[in-house]
């Protein structure tokens, strides 16, 4: 269990990236959902010992994540949003180098670990290929392989599927799901579908604050019968947004399709639709922005 209590962080420029963040994250896949700039990466970097928190506490099975950094790094696997590789080095050689840095000094043991990881992420057949020739999805799978060196108890992945094509995204998500069966995996993302498909628990964060925690299915069920849909003209959009609680707008065939939150049919022409996690997400952001504007 990863426990976070009242974690706060303000940068020198005055931006308060984290505001008393409190979370309980059990073994399994945990989705951290929020827009760009919400504080997700700040939280991930703090937990990964890459930056200091101003205040608060964080612990993993008795390890103090904020003070015992060496112990944290021994049990941590981290795939940052921007994961760079040496383009002229093969996947096998670079992973072997990472394993040596992680403490695998015995050559035979290190070779066995590297081989097992390359097979786990389905890169064994291209292990001799230079990383500069890898696709985006292959690089992400290599990134997961390096994050898994040493059998970590906490794995953090930051925006891992951004830019991947659908096939690579599915392959990568399946890999994450397998990893999450035995360890704490935090998936930080702004892509709602990643959380819907993978995570048994989640949190929505915006402007450094946790807006909602719980199970995605329960959050969706809380909106049953309260989401309404209508196709409108572009000229109507501003007026509808002024009168009603519009959660999202999407152009379909050149015309806006709006999702509205209301306990009963808001107006003629609106039809009920099944709620999704996207409605939960936008609903929380809408409520938060309204509270800040009040």
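Coordinate-derived values only; no laboratory data. From a predicted model like this one, the values you see are computed outputs, not experimental measurements. FYI the Cβ positions are ideal-geometry reconstructions off the backbone, even for glycines, and counts take in every protein chain you see.
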Using only Cα atoms, find the angle between the long axis of helix 166-179 and the longest principal axis of the chain, and express it within 0 to 90 degrees, rounded to the nearest 10.
70
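Classify the range 2-214 from the C-alpha gyration tensor, please: rounded if a/c falls under 1.5, else prolate or oblate depending on whether a/b exceeds b/c.
prolate
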Which order do the peptides 81-93, 275-287 come out in when sorted by mean C-beta neighbours inside 10 angstrom, highest first?
275-287, 81-93
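Going by how many other beta carbons lie within 10 Å of each one, how would you line up 154, 212, 217, fewest first?
217, 212, 154
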Between the range 94-159 and the range 280-294, the alpha-carbon center distance in angstrom:
41
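Using the number of other C-beta atoms within 10 angstrom as an exposure proxy, rank 29, 138 with the fewest first. Please report the intermediate quantities before stating the final value.
On the way: 29 26, 138 20.
Listing 29, 138 from fewest to most nearby Cβ atoms yields 138, 29.
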Expressed as an acute angle from 0 to 90° and rounded to the nearest 10, what is the orientation of the C-alpha long axis of helix 234-243 relative to the principal long axis of the chain?
90
Crossing angle, helix 277-293 versus the chain [Cα axis fit, 0-90 degrees, rounded to tens]:
70
What's the center-to-center distance, using Cα atoms, between the range 27-41 and the range 213-259 in Å?
23
Peptides ranked, highest mean first, by Cβ atoms within 10 Å: ranges 127-133, 267-273
127-133, 267-273
Explain nothing, just the number: relative contact order of the chain, from Cα pairs under 8 Å at least 6 residues apart, as a whole percent.
21
CD proxy, 222 nm, the chain: helix-only mean residue ellipticity via -39,500 (n - 2.57) per DSSP H run with n ≥ 4, per residue, nearest 500, stands at -10500 deg cm²/dmol
Looks like the range 221-293, by Cα gyration tensor root eigenvalues a ≥ b ≥ c and the a/c under 1.5 rounded cutoff (else prolate when a/b is bigger than b/c, oblate otherwise), is oblate
Taking 0.36 nm per residue of separation and subtracting the Cα-Cα distance, what length does fully extending residue 193 through residue 181 add?
2.4 nm
